[in-house]
Amino acid sequence: MIIKKYLFIAITVFSTLLSVNSNAAEEDIIGHWEDANGNFFSKALGTNDRPRILIDNLVYFLDAKTGEIKLDDGEGYYHTYITDADLIWYKSNDCSGNGYLSNNDESFIEGPFKAPPAGFIFESTPDIINKTVLRFEYGKGAVMDNGSFHSTASIQPDGKYKCEKYEFQHEHYSYDEVEVKNEILNPPENIIGNNKYSKLRFSYDNGSFAIYVNALLPFKLVEKQIQPEPDPDSRIAYQSPVNSVSIRVSSQGKLSYVTVNQGQSLYIGDIKVSKLSTGVYDVTFPESYIAADRARDKLILTCNVNSNNRNQGGEMGISCYKLDAQNIIRIVTEYHKHPINTDFTLGVKW
């Protein structure tokens, strides 16, 4: 008797796949894939000259023109992970109980046996692939005696399984008495119509199974924009004041002196001081020097109290600010408390 053995490809591939395709680190993402309409499809990773596509945390090789995807085993080999539906083996005679999938790993014949790891596989047949693709999850493989199995189930055109009794018959000059089998951990699940797998399209073309992205082609790789490191030589310097003037005013509202430190010239009579009340003053500058519509935060104002009595001077408060929509700086002091021989200085920069 010859036993069908299709599963070895998927088991071998997934042993590598699961070690390579755990959650991809964000630094491995090089961009994303868009379909022909410019819609986001999936993240891209790898390198710019060998990009891959990431779907459900699994990495695939992608042919951007045809849309075909294959497993990337990380060693330059690409495989499909859908195979022709194989028999499900049961130890009961009515297909009840746990089922098993066959594996043709014959390493136990030639040397120390290494049980294939757990994984999963998609299975179908050419005549039902458009409506039924079954997902199997299986456990770690083990060497088992074929004589301990008494029934098998095979998929039918309607996508259901037919159970048949099985009696092992040994063939001379063969090694079919024992075989590696993997226990099925879940009931076979049809993923066609399952939204989780909506990005995949299964096909049987030219005598072989294939998997494609379910999207409008061709695909386009949009690379991630990497922010460059700041250039220390291209630092932006703070703006230097263009104009700067300092004035001194007595408590009686008399302008003592004016010093233009830099910028536009000012002339005698340009600056006017008005005493509104004790300790409150308006200093008016020419419209050509400080425009009435200049914003407050575009001026740097400094004001200080000057007194020949250090006790009085230390107790006096002073503030200065530009009036809205006017070319006037208002100064408010506490001269009414200590009016003796006191004046103030005002500095304006912009």
Exercise. Looking for whichever is within 14 Å of Lys322 (Cα to Cα), polar (S, T, N, Q) and surrounded by 12 or more Cβ atoms within 10 Å (Cβ to Cβ) here; the options are Thr284, Thr259, Thr278. Which one fits?
Key: Thr284
Practice problem: Mind listing whichever residues of the stretch 164-197 are acidic (Asp, Glu) and either touching a strand residue (DSSP E or B) at 6+ places or on another chain (Cβ under 9 Å) or surrounded by fewer than 13 Cβ atoms within 10 Å (Cβ to Cβ) (or both)? | Solution: Glu164, Glu167, Glu171, Glu177, Glu179, Glu183, Glu189
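For residues that are farther than 17 Å from Pro241 by Cβ and modelled with pLDDT of 85 or more, tally how many sit in the stretch 306-332. Quick ask: steps written out before the conclusion?
Residues of the stretch 306-332 that are farther than 17 Å from Pro241 by Cβ, as a first pass: 306-319, 321, 323-328, 330-332.
Next, only the ones that are modelled with pLDDT of 85 or more stay: 318-319, 321, 323-328, 330-332.
Residues that pass the stated criteria total 12.
Among the basic types (Lys, Arg), modelled with pLDDT of 90 or more and touching a Gly at 6+ places or on another chain (Cβ under 8 Å): does that describe Lys275?
Working: among the basic types (Lys, Arg): yes; modelled with pLDDT of 90 or more: yes; touching a Gly at 6+ places or on another chain (Cβ under 8 Å): yes.
Judged against the criteria, Lys275 is a match.
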Quiz item: Restricting the stretch 198-245 to residues that are under 30 Å from Leu71 (Cα atoms) and among the basic types (Lys, Arg), which is surrounded by the fewest Cβ atoms within 10 Å (Cβ to Cβ)?
Solution: Lys224
Exercise. Quickly run through the stretch 31-49 and pick out the residues that are touching an Asp or Glu at 6+ places or on another chain (Cβ under 9 Å) and over 15 Å from Lys199 (Cα atoms).
Key: Gly31, Leu45, Gly46, Asn48
Quiz prompt | the stretch 140-158, residues that are more than 13 Å from Glu123 (Cβ to Cβ), in contact with a Leu (Cβ under 8 Å, 6 or more places away or on another chain) and surrounded by fewer than 18 Cβ atoms within 10 Å (Cβ to Cβ) | solution = none
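So which residues in the stretch 12-46 are of a type outside the set (Gly, Ala, Ser), at pLDDT 65 or above and crowded, with 17+ Cβ neighbours inside 10 Å, if there are any at all? Quick ask: steps written out before the conclusion?
Taking the stretch 12-46 and keeping what is of a type outside the set (Gly, Ala, Ser), we get 12-14, 16-18, 20-21, 23, 26-30, 32-35, 37, 39-41, 43, 45.
Retained after the next criterion (residues that are at pLDDT 65 or above): 28-30, 32-35, 37, 39-41, 43, 45.
Answer for the stretch 12-46, where residues must be of a type outside the set (Gly, Ala, Ser), at pLDDT 65 or above and crowded, with 17+ Cβ neighbours inside 10 Å: Ile30, His32, Trp33, Glu34, Asp35, Phe41, Lys43, Leu45.
The values are calculated or read from the model by the stated rules, or taken from the named source; none is laboratory data. It should be emphasised that the depicted structure is a prediction, and the values quoted were computed from it without experimental measurement. We place every Cβ from the backbone using ideal geometry, glycine too, and count neighbours over all the protein chains shown.
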